[in-house]
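Below is one structure, written out as structure tokens; the observations come after it.
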Amino acid sequence: MTIDKLAYARQFLLSPLPTNELPDWKHTTIGIYNIYSHPFLDVSKSTNGVIEVALIGFIVNPYNPEQTNMDILNAIAGDVSLSSIADKLYNYAGRFVLVVKNGDKYYIFHDPCGLRSVFYTKYEEKIFAASQPLLLKKVIPLQEGARYKKFYASSYIKSDIEYYLPTGCSLFEGVYQLTPNHYLDFNSFSSVRYWPVKQLQKLNVKEAAEKIGDLLRKIMLAFHKRFKLALPITAGFDSRVVLSACKPIANDIFFYTLQYRGLKDDSADIKVPRKLLSKLGLKHHVIDCRNNGVIDPAFAAIYKNNSDISHLNDWGYIAYGMKGQIPHDRVVIKGNCAEIARCAYYMSGKKENIQNASQILSMEPGWNQHEFIVESISNWLKETKKIENNFGYYVVDMFYWEQRLGNWQAQSQLEWDIVQEAITPFNHRELLDIGLGVENQYKCKPHFHLFPMIAEYLWKETLSEPINPRPFYHKFKVLMEIIAKQLTVRR
């Protein structure tokens, strides 16, 4: 494969205007719109004569793993109501964009966490959408303005190697990102929330662990029906739980660990997977992504130009290390999105009453420097507080879901599309619903009980090595703190 084939890898453009700027891309239409997709990205279409749907990417049904993209599309196209489409998407996994045409009206949905990202704008009363803003430049003028320049000159960029934006906005004025759990209504040019729609159901931790385990296993079996798989393993919770769901198919999976940044051969994230997979009789591969600071200039140029927000100096070096070391015919299974059900922003488990945008903005230091970010978060919070009040979904959990995963993780996958297709089994609304319904005491520090319980239920041998083992000095520090507290009490 020549390196120029990696330009805008696995990305798409939806445009009412044709373009000759993407000559090697696949081309199809839905109504008056052209869909251009990179050669590595599949597009499927279905119609019932009234409603027409186009799928960009892939979608799976864990309750019927034999179903293909077309089978699922036909089922979706069988009912013309938006509420029916939203209901059906509740039980599907995947990484996809769904374009819906109903008469002369158009809508866009995407996967639960928005990992197949959608950016959209209006130009001369026409709607355009793409994987990221730079592709919009292929059909309409788009200029880097004051917002763009201020963001890249900010201290936030210098202080956070994994900087990102909230969903709902972009670095280009008039260009917006579709937020998870929302669809884009072309007619009103608005993002419409379609989920949640009912009260969050509480579950005891044992019941939840078994339900999540059963569903994870089904999702993994559905992925296995569709793809050859690769699974990165670390010492952490998420990859351990995913591994436990792979027991029936483990011999068919390429297991590996990325060695990057400061990871050494004796680091827990290298050492623990090596020992664990050996015990399970599975082969472990270490993918060295350190590159000694060297990267092919041609690869670097394409990587940087594949997105308006590009983390070349970190994620780009990791991607370059993956290139050629992970079999190109494998779809990578990531453990991300599980953090939604692990109190990611309040690991003590204690909820703070969020009343204003400054409380949310403080979770990502540096965001408050930018007026467009403050405005975007303020608008999102106003809407999402209604979800908290009406249905019991804590606004901070929704922040992690819709803002951090919807952009930070989606951006990571977008950038790594240059070397791999990725998917996560936790990108599934029903599964996340179950996890969010568990009491926080079972999802927070220090033990995160829910996750080991899932692994034990599915494949207890995956717990034969510790999860995130702490070095001796950390254990010693904790012991000293305990002794100090006891001495204080005695006094």
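Would you kindly identify the helices (runs of 4 or more DSSP H) lying entirely within the stretch 354-436 that contain at least 2 residues that are under 21 Å from the mean Cα position of the chain (by Cα) and surrounded by 22 or more Cβ atoms within 10 Å (Cβ to Cβ)?
Values: elements: 357-361, 371-391, 395-399, 410-416, 429-436.
Qualifying helices (runs of 4 or more DSSP H): 371-391, 395-399, 410-416, 429-436.
Please list, ordered by first then second residue, the pairs with beta carbon atoms under 8 Å, 6 or more apart or interchain, first in the stretch 443-457 and basic (Lys, Arg), second in a helix (DSSP H, G or I) and crowded, with 21+ Cβ neighbours inside 10 Å.
Correct list of pairs: LYS443/ALA341; LYS443/GLY435; LYS443/LEU450.
Restrict the check to the stretch 243-262 and report whether at least one residue is of a type in the set (D, E, K, R) and more than 27 Å from VAL60 (Cα to Cα).
Initial filter on the stretch 243-262 (of a type in the set (D, E, K, R)): 247, 252, 261.
Keeping just the survivors that are more than 27 Å from VAL60 (Cα to Cα) gives 261.
Yes, there is a match, as at least one residue in the stretch 243-262 is of a type in the set (D, E, K, R) and more than 27 Å from VAL60 (Cα to Cα).
Output yes when any residue across the stretch 283-300 is at pLDDT 95 or above, surrounded by 20 or more Cβ atoms within 10 Å (Cβ to Cβ) and out of contact with any helix residue (DSSP H, G or I) (no Cβ under 6 Å at 6 or more places or on another chain), and no when none is.
no
Does the stretch 303-311 contain any residue that is touching an Asp or Glu at 6+ places or on another chain (Cβ under 8 Å), crowded, with 19+ Cβ neighbours inside 10 Å, at pLDDT 95 or above and in a helix (DSSP H, G or I)?
yes
So that you can scan it fast, the table gives a plain yes or no per residue for (1) in contact with a Pro (Cβ under 9 Å, 6 or more places away or on another chain); (2) of a type in the set (Val, Ile, Thr); (3) outside any loop (DSSP other than H, G, I, E, B):
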| site | (1), (2), (3) |
| --- | --- |
| LEU13 | no, no, yes |
| LEU22 | no, no, no |
| THR29 | no, yes, yes |
| PHE40 | no, no, no |
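Mind telling me which of the residues TYR107, TYR148, TYR152 ends up being under 21 Å from GLY57 (Cα atoms) and of a type in the set (Ser, Thr, Tyr)?
Numbers: TYR148 fails: under 21 Å from GLY57 (Cα atoms); TYR152 fails: under 21 Å from GLY57 (Cα atoms).
Residue meeting the stated conditions: TYR107.
Quick one: in the stretch 23-72, of everything that is of a type in the set (Ser, Thr, Tyr) and more than 23 Å from ARG217 (Cα to Cα), which residue is surrounded by the fewest Cβ atoms within 10 Å (Cβ to Cβ)? If you could, list the steps in order and put the result at the bottom.
Pass one, the stretch 23-72, residues of a type in the set (Ser, Thr, Tyr): 28-29, 33, 36-37, 44, 46-47, 63, 68.
Now drop any that are not more than 23 Å from ARG217 (Cα to Cα), which leaves 28-29, 33, 36-37, 44, 46-47.
On the way: THR28: 14, THR29: 12, TYR33: 20, TYR36: 25, SER37: 24, SER44: 20, SER46: 19, THR47: 14.
Ranking the qualifying residues of the stretch 23-72, first place goes to THR29.
Could you identify the single residue in GLY316, GLY349, GLY335, GLY321 that is outside any helix (DSSP H, G or I) and closer than 30 Å to PHE227 by Cβ?
On the way: GLY316 fails: outside any helix (DSSP H, G or I); GLY349 fails: closer than 30 Å to PHE227 by Cβ; GLY321 fails: outside any helix (DSSP H, G or I).
Unique residue meeting the criteria: GLY335.
Free of Cβ contacts under 8 Å to residues at least 24 places away in the same chain, of a type outside the set (S, T, N, Q) and in a loop (DSSP other than H, G, I, E, B), is that true of PRO180? Step through it out loud before you land on a result.
Numbers: free of Cβ contacts under 8 Å to residues at least 24 places away in the same chain: no; of a type outside the set (S, T, N, Q): yes; in a loop (DSSP other than H, G, I, E, B): yes.
When the stated conditions are applied, PRO180 does not pass them.
List the helices (runs of 4 or more DSSP H) inside the stretch 189-290, counting only whole elements, that have at least 2 residues being closer than 30 Å to ALA86 by Cα, in contact with a strand residue (DSSP E or B) (Cβ under 6 Å, 6 or more places away or on another chain) and not small (Gly, Ala, Ser).
The helices (runs of 4 or more DSSP H) meeting that bar are 205-226.
Mind telling me which of the residues LYS88, LYS5 ends up being touching a helix residue (DSSP H, G or I) at 6+ places or on another chain (Cβ under 7 Å), among the charged types (D, E, K, R) and without any contact (Cβ under 8 Å) to a residue 60 or more places away in the chain?
LYS88
Restricting attention to the stretch 150-177, report how many residues are buried (at least 20 other Cβ atoms within 10 Å of the Cβ) and at positive phi.
Matching residues across the stretch 150-177 total 1.
Looking at the stretch 152-177 only, could you name the residues that are in contact (Cβ under 8 Å) with a residue 60 or more places away in the chain and part of a strand (DSSP E or B)?
GLN177
The values are calculated or read from the model by the stated rules, or taken from the named source; none is laboratory data. Quick caveat: nothing in here was measured; it's all calculated off a predicted structure. Please note: Cβ atoms are built from the backbone with ideal geometry, for glycine as well, and neighbour counts cover all protein chains shown.
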